[in-house]
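Contents: one structure, followed by commentary.
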Amino acid sequence: MTNAKTTMDPPPVLGLPAEQPVPPTDCERCAGLVEERARARAAGDWSQVSDCNVAIRAHHRPRRKRRKA
């Protein structure tokens with residue numbers, strides 16, 4: 001006979017969403033993403049809002065240098 005588990009695991013603990021990124025004011029690409037994010041929020045498209053936030057964060061993230069093989 002095996003020991004069957006009869007209870008459920010506890011629910012996962014989710015943190016609060018990250019703060020929305022505030023891009024520099026002199027970046028045209030980020031300004032476009034901020035406008036796109038505002039339109040998506042107004043339309044209730046939360047997936048697109050998240051995508052814009054990721055793009056804004058990634059746009060000004062320092063690039064890693066590739067190691068030579």
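Read-outs: derived from the displayed coordinates by stated rules, not from any lab. Predicted, not measured: the structure shown is a model, and the values here were computed from it. All Cβ positions, even for glycine, are placed from backbone atoms using ideal geometry, and neighbour counts span all protein chains on display.
Just a few scattered comments:
- Cβ-placed point charges (K, R +1; D, E -1), dipole of the chain about Cα centre in debye, nearest 20: 740
- Trypsin sites (Lys or Arg not before Pro), loop per DSSP, at most 16 other Cβ atoms within 10 Å - longest free stretch of the chain: 6-62
- Rounded to 10°, Cα long-axis angle of helix 28-43 versus longest principal axis of the chain: 50
- Disulfide-incompatible cysteines by the Cβ rule (no partner under 4.7 Å) in the chain: Cys52
- Using alpha-carbon coordinates, inclination of helix 46-59 to the longest axis of the chain, degrees: 60
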